[in-house]
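A quick write-up on the structure given underneath.
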Amino acid sequence: MDEMFIYLTYRLSRVWYVGKRPVYRLKFSKADYMSVFGSIDLDGNVKVKVYGRANSDTFEDFVTSLFEELYSDYDIIYLLLDNARFHVPDFLRWLHEESGGRFRFIFLPPYAPDLNRAEMLWRVVEHELGFVFPVSKEAVLDVIYRFDGVSMPGLVRSLRMRLSRILKQKSQNY
């Protein structure tokens, strides 16, 4: 599970010509942006949701909707989280207790995006956004919501193999 920020306000900072073709350089400002929360499970199922801001309230809403829509019948749910400020311990403690211990949290070390499979999802989303010039918020939302409910098992294949090796190794040791 991870979050991504998309800046929607830009200004023209420089124009130059290569031959007869103009080249535009745009700078995006932080004045208008949207926050996208996303998750990908071990089967490759993707869930994304867009908010105006990323804070503890939107984080709680995303995790709650994730649980209610997809994983309410699971016995144990592991969430891999980075160390964002809005991953508030009070809510996580409450969620763990309220679910009867079904939610388990694994916090990734700082500056380790290679361990977070949702970062791979953001690379794919950013690649798709590169083909659409953000003329409007609706155009960006259209690209983002194309990924909601999609299955992308290739993004988690290496993680599944790594986990199976670890479990196999642990079973041999006992």
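Structure summary
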| item | result |
| --- | --- |
| Residue check, Ala54 touching a residue at least 24 places away in the same chain (Cβ under 8 Å), in contact with an Asp or Glu (Cβ under 6 Å, 6 or more places away or on another chain), closer than 15 Å to Met1 by Cα and part of a loop (DSSP other than H, G, I, E, B) | yes |
| The stretch 62-82: number of residues that are more than 20 Å from Glu119 (Cα to Cα) and in a helix (DSSP H, G or I) | 5 |
| Unique match (being touching a His at 6+ places or on another chain (Cβ under 9 Å), surrounded by 16 or more Cβ atoms within 10 Å (Cβ to Cβ) and on the phi < 0 side of the Ramachandran plot) among Phe91, Phe103 | Phe103 |
| Matching residues in the stretch 51-77 - criterion: being of a type in the set (A, V, I, L, M), surrounded by fewer than 18 Cβ atoms within 10 Å (Cβ to Cβ) and closer than 19 Å to Ile144 by Cβ | Leu70 |
| Qualifying residue in the stretch 126-140 (condition: assigned to a helix (DSSP H, G or I), of a type in the set (A, V, I, L, M, F, W, C) and within 17 Å of the chain's Cα centre (by Cα)) | yes |
| Residue count, the stretch 107-125 (criterion: surrounded by 11 or more Cβ atoms within 10 Å (Cβ to Cβ), modelled with pLDDT under 80 and in a helix (DSSP H, G or I)) | 3 |
| Exclusive hit being within 13 Å of Ile40 (Cα to Cα) and either modelled with pLDDT under 80 or touching a helix residue (DSSP H, G or I) at 6+ places or on another chain (Cβ under 8 Å) (or both), set Arg165, Arg160, Arg104, Arg146 | Arg160 |
| Residue in the stretch 29-39 that is of a type outside the set (Ser, Thr, Tyr), part of a strand (DSSP E or B), modelled with pLDDT of 80 or more and surrounded by fewer than 16 Cβ atoms within 10 Å (Cβ to Cβ) present | no |
| Unique residue being more than 16 Å from Val36 (Cα to Cα), charged (D, E, K, R) and free of Cβ contacts under 8 Å to residues at least 24 places away in the same chain when the list is Arg93, Arg85 | Arg93 |
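The values are calculated or read from the model by the stated rules, or taken from the named source; none is laboratory data. This is a predicted model, so every value here is computed, not measured. No Cβ is skipped: glycine too gets one built from the backbone with ideal geometry, and neighbour counts run over all protein chains shown.
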